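Just so you know, all these numbers are worked out from the coordinates, no wet-lab data involved. Values in this document were obtained by computation on a predicted structure and should not be read as measured data. Neighbour counts run over all protein chains shown; Cβ positions are idealised from the backbone, glycine included.
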Amino acid sequence: MDNKINEYIEKNKGKYISELSKLISFKTVAMDKNSKNEFDNCTNYIKNLLSDYVDKITLITDFGNPIIIAEKHISNNLPTVLLYAHYDVQPETPLDLWNSDPFILTQKDNLLLGRGVADDKSHLLEIIKTLELIKNNNLNLKYNIKILFEPSEECGSKELNNFLDSNLKEVDLLKCDTLLACDSSLISDDKPSITVGLRGCVDFELTIIGPNKDIHSGMYGGFIGNPIHELCRLIDMVHDENNKITIENFYNGVENNNNLREMLNKLPNNEDDLKHDLEVDDFIIEHGFTSIETSRIRPTFEVNGIFGGYEGEGGKTIIPNKCTAKISCRLVNNQKTDDIYNYFCDFIKKNIRKAFKFNITRNSKGSSAVESNINCDEFKKFINIMKDEYNKEILFDRSGGSIPIMTKLNEKYGCDIIFVGFVNSNSNCHGPNENCEILSIEKGIKILTTYLL
């Protein structure tokens, strides 16, 4: 069986890269309100790739860009696996840091570069190519298959959240026993790992408002408050000298799980490599924890962007009317998105000075942390397949990232979740020169195929 699978993958490797190149060419940036045609065109291409290997494809378009649902029914006596991926991507900016056009797939030695190649279009393609391999080699599936490709994972899963909250009969199409969330990574081929939990996330924008218009900094500077100064002051107050978050009640429910810390500290320590790759001399870490722990199982508060005032060339001597910070918080078990948002609002109300006003807006509902059931039979089966493929013990890892819809899918359908990913953790998802190894695509198809047979 392995030989047949390997031969098919080797024979079709060039086709995989060609089809992935086409997927990368669609600028499916969910945050871009002008990207509807890109999403529609990408949806049609995915349908064409998928249609020969499933019984039915359903597009849900009531809530925005298309949610793609497909199904392949084998028998009422078989369990059902839902294969998940997303086809939206992060914005490509800043373009000047890319070594190639982000929407033209570029091969450099054994790497493929392009926006979305690791997160998450290579995994999406692996799902389709797995079903192609199984059908074209007359192999027998041991599961009923359902597929979910979503269009806005990168900005809070708006369409999918609204769909799952609706009364549409198609919601039942996603019922499953096991969910394979193909949107993760492993440490490396030398240190193969599987993700067993994700942090949650909530994001919002804080706008500080000063005078009712931009004003002359010479005439008014020194007594009219500058909203940029106030924003920086408030942001600086969020962390203390030990890099702990000072927002009252922020850590409510956060546990210091020694068993989890022990598991994580079995992972390879690559701090020196990270410093070298990112060209930083040191880390800023919450006191009492390691970098591995703070990036996976501790909550965080990060400023993702700040804008306001004059941003053109040269100088302009003003006190600006307002400025804004884009903020995201990664959450761990027992933290709720609504609570964190409310705690932050209270923090700003308490600390902003009388000279200013403020607005805080949420960009999405956010998501809670979620974990795999590592004791279920399907998880154990998947781990054993990975052991055979990599010929190594599989390390258990946690992801600092989030897949917003996972908690709701788990609660709604009661399914066990297995977080699946074959790209290396240094693939620079969300950043310039995002990449994945060609070998990771081949391994992904092989492991998924073996699991479904």
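Using a 10 Å cut-off around each Cβ, can you sort Asp214, Asp282, Asp397 from fewest to most neighbouring Cβ atoms? Don't skip to the answer; put the middle values down first.
Values: Asp214 15, Asp282 7, Asp397 26.
Fewest-to-most ranking of Asp214, Asp282, Asp397: Asp282, Asp214, Asp397.
What FRET efficiency do you get for Glu10 and Asn41 if R0 is 25 Å and r is their Cβ-Cβ distance, rounded to the nearest 0.05?
Values: r = 30 Å, r/R0 = 1.22.
Efficiency computed from Cβ-Cβ geometry: 0.25.
Within region 221-292, which chymotrypsin sites (Phe, Trp or Tyr not before Pro) sit in a loop by DSSP and count at most 13 neighbouring Cβ atoms inside 10 Å?
Working: sites: Phe223, Phe250, Tyr251, Phe283, Phe289; in loops: Phe223, Phe250, Tyr251, Phe283, Phe289.
In loop regions of region 221-292 (DSSP not H, G, I, E or B), the sparsely surrounded chymotrypsin sites (Phe, Trp or Tyr not before Pro) are Phe223.
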Using alpha carbons only, how many angstrom separate the centre of region 234-249 from the centre of region 20-74?
42
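Assuming 0.36 nm per residue, please report the length gained on full extension of the stretch Asp32 to Asn259 beyond their Cα-Cα distance. Don't skip to the end; give the middle numbers.
Details: separation 227, 0.36 × 227 = 81.72 nm, distance 4.21 nm.
Once the chain is fully extended between Asp32 and Asn259, it gains 77.5 nm.
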Given a Förster radius of 45 Å and the C-beta distance between Val303 and His73 as r, what FRET efficiency does 1/(1 + (r/R0)^6) yield to the nearest 0.05?
0.40
Between region 184-198 and region 384-453, what is the C-alpha centre distance in whole Å?
7
Assuming 0.36 nm per residue, please report the length gained on full extension of the stretch Asn342 to Lys169 beyond their Cα-Cα distance.
58.8 nm
Which trypsin sites (Lys or Arg not before Pro) from region 1-46 combine a DSSP loop assignment with at most 13 other Cβ atoms within 10 Å?
Lys33
Give me a comma-separated list of calculated 3J(HN,Hα) values for region 69-79, in order, Karplus coefficients 6.51, -1.76, 1.60 applied at θ = phi - 60°, integers in Hz, x for any Gly or Pro.
10, 9, 8, 9, 9, 9, 6, 5, 8, 9, x
So how far, in whole Å, is the C-alpha centre of region 325-373 from the one of region 259-294?
25
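Is the C-alpha gyration tensor of region 149-303 telling us rounded, prolate or oblate? Criteria: a/c under 1.5 is rounded; beyond that, a/b larger than b/c is prolate, otherwise oblate. Kindly include the intermediate steps, with their values, before the conclusion.
On the way: a/c = 2.29, a/b = 1.31, b/c = 1.75.
Oblate, because a/c is 1.5 or more while a/b does not exceed b/c.
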Treating region 375-453 as a set of equal point scatterers at the Cα positions, no solvent, please give the Debye-formula log₁₀ I(q)/I(0) at q = 0.10, 0.15, 0.21, 0.25 Å⁻¹.
-0.30, -0.68, -1.21, -1.35
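Between Asn110 and Asp377, what FRET efficiency follows from the Cβ-Cβ distance if R0 is 30 Å, with the result rounded to 0.05?
Numbers: r = 35 Å, r/R0 = 1.17.
The calculated FRET efficiency here is 0.30.
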Share, in percent, of DSSP beta bridges within the chain that are antiparallel, nearest 5
65
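In this model, which of Lys169/Lys408; Lys142/Lys412; Lys129/Lys387 are farther than 19 Å apart at the alpha-carbon? Walk me through the numbers on the way to the answer.
Values: Lys169/Lys408 17 Å; Lys142/Lys412 24 Å; Lys129/Lys387 22 Å.
In this structure, Lys142/Lys412; Lys129/Lys387 lie more than 19 Å apart at Cα.
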Give a quick list of trypsin sites (Lys or Arg not before Pro) in region 281-355 that DSSP marks as loop, anything other than H, G, I, E or B, with at most 12 other Cβ atoms within 10 Å.
Lys316, Arg353, Lys354
What is the angle, in °, between the Cα long axis of helix 337-351 and the longest principal axis of the Cα atoms in the chain? Nearest 10 is fine, range 0 to 90.
10
Place a point 7 Å from the Cα of His229 along the Cα-to-Cβ direction; which residues of region 290-323 have their backbone N under 18 Å from it?
308-310, 316-323
Option label - Cα extents along the principal axes in Å computed here, alternatives (1) 156, 44, 37; (2) 79, 49, 49; (3) 68, 48, 46:
(2)
Which one, Ser185, Cys429, Ile228, projects farthest toward the positive side of the charge dipole computed for the chain from Cβ point charges (K/R +1, D/E -1)?
Ile228
Mind pulling the angle between the C-alpha long axis of helix 36-50 and the longest principal axis of the chain? Nearest 10 degrees, somewhere in 0 to 90.
20
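With the Cα gyration tensor of region 77-219 giving a ≥ b ≥ c as the square roots of its eigenvalues, does the rule (a/c under 1.5 for rounded; else a/b larger than b/c for prolate; else oblate) give rounded, prolate or oblate?
The shape class here is oblate.
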Grab the Cα-Cα distance for Asn252 and Thr93, subtract it from 0.36 nm times how many residues apart they are, and report the gain in nm with one decimal.
53.7 nm
